[in-house]
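Below: the structure, in structure tokens.
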Amino acid sequence: METLVAVVGAVVLGFGLLGVFAAASQGVVALHVVVGGALLAWAAVRGFRRVTAVMGTQTARGGANSLMQALIVVVIGALLAFVAERHPKHWDWTEAKEHTLTQGTLDTLAAIPKDGLVEMYAFFSRGGQQQAKDELDQYTYASPRVKVRYLDPNENPGLAQRFQISNKEGVVVVCDGACDTAKGTVKAVDLTEQSLTRAVRQAISSKKKIYFLTGHGEADPDDKKGPGAAAVKGGIEDENGTVASLLLANEKEVPADADAVVVAGPDHAVSDRELELLDAYLKRGGGLLVEIDPAVETNLEGQLKAWGIEAGPEVIVEQQLQLFAGPSIGVQPVVTKYGSHPITDKLNGQPTVFRLARPLRKVEGSDANVTELALTSAQSWAESDVKDLLASKPVTMDPAKDRAGPLAIAIAREFPPSEPGKRGGRLVVVGDSDFMRNRYVTQYYNGDLFLNTTGWLTGNEEFATIERKRPRAATVNLTLEQFANFRFLALFALPEAILLLGVLNWWRRRV
């Protein structure tokens with residue numbers, strides 16, 4: 001009888017320990033441990049003498065030794081599991097780092113206040129929680145200030161109704177603080193890193209409003225065609241911003257809610273009155289991005305000089321080497337050299353491309369404190385024969401009238417504050433507007449440069465743009481000999497090793 005009770009107790013206790021590793025509920029685990037332990041204790045008390053007699057035999061001592069070794073292995077495994085649970089660590093072996101958070105996401109998580117908290121409510125059925133856990137665990141690993149609760153919407157209909165979750169599943173609610181007390185919440189539309197990080201950023205930062213100047217042929221943020229700027233509008237909205245058009249000719253001043261104004265490549269002249277309003281906006285601490293293309297009269301050149309930046313009339317020509325074609329000249333400079341500035345520090349030498357850009361430089365004798373953001377190579381120059389260049393006529397570097405590179409395509413300036421305790425105006429000038437238009441913004445890191453610029457102008461320079469992961473299939477080319485070796489290892493190496501171990505064991509027993 002005592003033996004049967006002991007076996008039953010051991011089985012119940014064993015399954016209780018397995019329940020710990022299977023993440024069973026605490027009640028189920030506790031019930032198994034208590035019942036199993038009680039049965040083993042009762043059997044031990046009733047059969048103490050019999051156990052003592054049996055344990056005195058050599059067979060029992062050998063069995064006890066094996067049992068003790070097995071228990072040691074179980075205890076070590078349990079300790080390793082406990083340490084892994086408290087201090088999780090994961091490795092990403094994919095070539096495109098598909099399971100590693102981008103630097104932009106890490107910067108966003110680092111921006112959470114040290115005494116702050118971001119809580120996520122993940123509404124998934126029990127069958128779908130594992131997929132959500134694989135993605136959301138990356139955020140809890142990266143920041144101790146991110147907490148996640150997994151909720152079955154069918155078991156928590158009140159919470160699902162409170163957060164207005166119509167489909168009741170597959171929604172992550174992100175809160176700036178505990179979700180049961182936070183006033184503002186943001187919903188992530190899907191489980192992608194872009195959506196989740198955008199929700200975190202929106203929860204912890206204030207929304208910024210950016211106006212695009214209109215009325216002079218500028219890039220339209222609502223235009224989805226090649227010359228438009230709908231792509232960057234979507235990027236600004238992803239960065240917790242809103243976009244609106246501004247016809248400044250009808251306004252008395254730049255709207256008070258403008259965190260930044262973008263002048264995106266006008267092809268008609270901006271009036272003097274509008275320039276005065278933009279100047280007044282800068283002086284009261286606004287942010288202004290001016291993109292000025294070559295061979296266009298915009299009336300911006302004089303005002304830029306007043307701000308300490310000169311936009312040259314030339315066009316930047318870049319000498320390039322092409323495979324099998326030798327050296328050639330082009331008007332699409334690819335930039336990999338950047339100045340030290342919050343806008344460009346996170347680009348880390350990644351390329352950006354411009355088209356028909358005009359060179360910029362600091363006005364001689366000006367006391368303006370400017371930073372050259374993007375610089376061309378030493379093989380470039382500022383071509384003064386613009387008409388011949390645009391007419392596809394051959395041009396060469398003329399030291400008498402052309403400026404040799406490196407040349408600045410983008411420049412930033414920060415103005416002193418008008419009042420103590422307030423932020424000074426921020427200005428960025430780019431000698432090209434094509435880099436942020438729909439047909440070019442997705443090339444290289446153009447989109448990152450634009451969004452980093454608007455982030456600095458609005459005071460959100462601590463956020464880097466979120467780099468999109470581009471997974472690609474990994475391929476390998478094998479020779480026939482390599483393929484034959486791989487096939488042998490896959491099909492025959494393991495059986496061969498088992499057979500050799502069997503032979504060695506037979507020989508050891510025979511000897």
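The values are calculated or read from the model by the stated rules, or taken from the named source; none is laboratory data. All values reported here derive from a predicted model rather than from experimental measurement. Glycine also receives a Cβ, built like all others from the backbone with ideal geometry; neighbour counts cover every protein chain displayed.
Is it the case, given these coordinates, that residue 106 is under 20 Å from residue 203 (Cα atoms) and more than 19 Å from the chain's Cα centre (by Cα)?
So residue 106 does not fit the description; no.
I need the full set of residues from the range 106-150 which are in contact with a Ser or Thr (Cβ under 7 Å, 6 or more places away or on another chain), modelled with pLDDT of 85 or more and not in a strand (DSSP E or B), in order please.
If the condition is that a residue be in contact with a Ser or Thr (Cβ under 7 Å, 6 or more places away or on another chain), modelled with pLDDT of 85 or more and not in a strand (DSSP E or B), then 109, 112 are the ones that fit.
Kindly indicate the residue of the range 240-257 that is assigned to a strand (DSSP E or B) and of a type in the set (S, T, N, Q) and also farthest from residue 173 (Cα to Cα) among those meeting that condition.
245
Could you look through the range 142-174, keep only residues that are among the polar types (S, T, N, Q) and within 19 Å of residue 203 (Cα to Cα), and pick out the one that is surrounded by the most Cβ atoms within 10 Å (Cβ to Cβ)?
By that ranking, first place goes to 143.
Per-residue answers, yes or no, for (1) buried (at least 23 other Cβ atoms within 10 Å of the Cβ); (2) of a type in the set (Asp, Glu); (3) assigned by TED's automatic domain parsing to the domain that holds residue 122:
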| site | (1), (2), (3) |
| --- | --- |
| 195 | no, no, yes |
| 209 | no, no, no |
| 214 | no, no, no |
| 223 | no, yes, no |
| 232 | yes, no, no |
| 237 | no, yes, no |
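Pick from 398, 388, 367: which is at pLDDT below 90, surrounded by fewer than 18 Cβ atoms within 10 Å (Cβ to Cβ) and not in a loop (DSSP other than H, G, I, E, B)?
Selected residue: 388, the only one of 398, 388, 367 that is at pLDDT below 90, surrounded by fewer than 18 Cβ atoms within 10 Å (Cβ to Cβ) and not in a loop (DSSP other than H, G, I, E, B).
Quick one: which of 248, 278, 300, 288 is among the aliphatic types (A, V, I, L, M), under 30 Å from residue 194 (Cβ atoms), surrounded by 20 or more Cβ atoms within 10 Å (Cβ to Cβ) and in contact (Cβ under 8 Å) with a residue 12 or more places away in the chain?
Just one listed residue meets the conditions, 288.
Mind checking which pairs have a first residue in the range 312-325 that is assigned by TED's automatic domain parsing to the domain that holds residue 405 and assigned to a strand (DSSP E or B) and a second that is of a type in the set (Lys, Arg) and modelled with pLDDT of 70 or more, Cβ under 8 Å, 6 or more apart or different chains?
315/358; 316/358
Kindly provide the set of residues from the range 346-364 that are β-branched (Val, Ile, Thr) and not in a loop (DSSP other than H, G, I, E, B), ordered by number.
Once the filter is applied, which keeps residues that are β-branched (Val, Ile, Thr) and not in a loop (DSSP other than H, G, I, E, B), the range 346-364 yields 352, 353.
Residue check, residue 257 against (1) surrounded by 14 or more Cβ atoms within 10 Å (Cβ to Cβ); (2) in contact with a strand residue (DSSP E or B) (Cβ under 8 Å, 6 or more places away or on another chain); (3) not hydrophobic (A, V, I, L, M, F, W, C), all met but one. Which one?
Residue 257 satisfies every listed condition except (1).
Would you pick out the residues in the range 219-262 that are out of contact with any Phe, Trp or Tyr (no Cβ under 6 Å at 6 or more places or on another chain), of a type in the set (Val, Ile, Thr) and closer than 17 Å to residue 446 by Cα?
Matches in the range 219-262: 236 only.
Determine which member of the set 413, 423, 439 is assigned to a helix (DSSP H, G or I) and basic (Lys, Arg).
439
Do we have residue 152 as free of Cβ contacts under 8 Å to residues at least 60 places away in the same chain, assigned by TED's automatic domain parsing to the domain that holds residue 125, within 28 Å of residue 439 (Cα to Cα) and of a type in the set (Asp, Glu) here?
no
Would a scan of the range 131-141 turn up a residue that is of a type in the set (Phe, Trp, Tyr) and surrounded by 19 or more Cβ atoms within 10 Å (Cβ to Cβ)?
Within the range 131-141, one or more residues are of a type in the set (Phe, Trp, Tyr) and surrounded by 19 or more Cβ atoms within 10 Å (Cβ to Cβ).
Do you know which of the residues in the range 401-423 that are small (Gly, Ala, Ser) and surrounded by fewer than 17 Cβ atoms within 10 Å (Cβ to Cβ) is farthest from the chain's Cα centre (by Cα)?
Only one residue fits best here, namely 404.
Could you tell me how many of the residues in the range 183-239 are within 25 Å of residue 105 (Cβ to Cβ) and either without any contact (Cβ under 8 Å) to a residue 60 or more places away in the chain or not in a loop (DSSP other than H, G, I, E, B) (or both)?
Total meeting the criteria: 35.
Quick one: count up the residues across the range 326-344 that are part of a strand (DSSP E or B) and at pLDDT 90 or above.
The total comes to 4.
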